[in-house]
Amino acid sequence: MKKLFIFTIALIIGGLSLSAQKKIQADEIIKMINDKKNVRLENYIIQGKLGFIKIADKTKERSTSVFGGTTQYDCHVKVPVVFRNCTFEDDVIAYYNDEDNDKLYNALFHENTIFTNCKFEGNALFKYSEFKKDSDFSGNIFKGYALFKYSKFYTPTAFKNSKFHSHANFKYTKFKEKANYSNCSFEEEANFKYTVFNNEISFAKSVFNDETSFKYTKFKEFIDFSDSKFEREVTFKYTKFPEGVSFENAYFDDDVSFKYTKFYKPLKMDRATFEDDVDLKYTQFEGRDFSKYLLENK
């Protein structure tokens with residue numbers, strides 16, 4: 001009887017908590033931005049597609065071709081947008097390519113942009129977006145496609161403690177300052193090919209459950225992969241670590257490619273585990289063949 005009472009109380013509390021979460025239509029948020037009102041929402045359910053490309057403040061950029069081609073429109077978000085503990089029931093759209101009419105729309109965030117401890121039930125489309133001031137994407141659950149390809153972050157940012165259930169695409173993304181991806185989980189492909197990290201970056205304790213690419217990635221400062229896990233193939237082909245890297249306690253369950261990779265001090269690989277093939281063809285350490293480094297550090 002006592003257990004039933006406790007269970008009933010728990011259901012009541014849970015129901016109250018759920019019912020207390022407010023709801024708002026996505027278009028209401030766009031209206032707030034158009035009215036130049038700051039967006040600060042906590043514990044909200046956002047219903048409908050949140051289309052930042054609907055922002056009234058747009059500038060027409062040059063066509064991508066001298067013969068016409070696609071016309072680009074920059075959509076300017078000039079107020080802070082802050083979402084904490086929110087659920088987005090549909091897509092969040094900061095990028096849209098209207099192929100039928102040869103028009104491309106992408107959102108530029110001029111003020112603080114915060115999405116923390118949120119759940120994205122649909123796609124999060126931020127291709128070509130620019131985050132000019134503070135940004136934070138920590139503690140989020142991305143159930144759909146997380147598209148940040150070609151995005152630019154001008155200040156320190158974080159995706160730490162986030163879960164990516166679908167493809168995470170950060171190809172060609174540029175980080176001007178520090179970035180933090182520690183304790184993340186990537187369930188499907190994680191793509192950081194050609195990504196530029198101009199400052200320190202941490203992937204410590206992150207788990208990569210599908211194929212992962214850091215091919216041609218540019219790391220300008222020290223990189224931390226300590227305690228990370230790579231369950232499928234991962235490539236660092238043609239990548240340089242000019243200020244060093246840590247793979248301490250990292251676990252690689254599948255093939256790893258360091259082909260043409262260039263390592264520099266400090267190189268930390270203590271207790272790293274490699275379960276399958278490791279491609280070290282043309283790999284260098286401090287400008288020397290990597291095999292000499294291995295012989296000297298047996």
Margin query: Test of understanding: among S162, S166, S185, S138, which residue is polar (S, T, N, Q) and surrounded by 22 or more Cβ atoms within 10 Å (Cβ to Cβ)?
Written below: S162
Note to self: For region 248-298, give me the residue count where each residue is surrounded by 13 or more Cβ atoms within 10 Å (Cβ to Cβ) and on the phi > 0 side of the Ramachandran plot.
What the structure shows: 3
Next item on the list: Scan region 173-182 residue by residue and report those that are surrounded by fewer than 18 Cβ atoms within 10 Å (Cβ to Cβ) and either part of a loop (DSSP other than H, G, I, E, B) or in contact with a Leu (Cβ under 6 Å, 6 or more places away or on another chain) (or both).
Entry: K176, E177, K178
Next item on the list: Scan K229, K237, K292 and give me the residue that is out of contact with any Ser or Thr (no Cβ under 7 Å at 6 or more places or on another chain) and at pLDDT 95 or above.
Entry: K229
Check: Which residue out of E200, E189, E211 is under 22 Å from L147 (Cβ atoms), touching a Lys or Arg at 6+ places or on another chain (Cβ under 7 Å) and among the acidic types (D, E)?
Finding: E211
Margin query: If a residue counts only when it is in contact with a Phe, Trp or Tyr (Cβ under 6 Å, 6 or more places away or on another chain), which strands (runs of 3 or more DSSP E) contained entirely in region 74-172 have at least 3 such residues?
Written below: 103-109
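The values are calculated or read from the model by the stated rules, or taken from the named source; none is laboratory data. A quick note: this is a predicted structure, and the numbers were derived from the prediction, not measured. Using ideal geometry, Cβ is built from the backbone for each residue, glycine included, and neighbour counts are taken over all protein chains shown.
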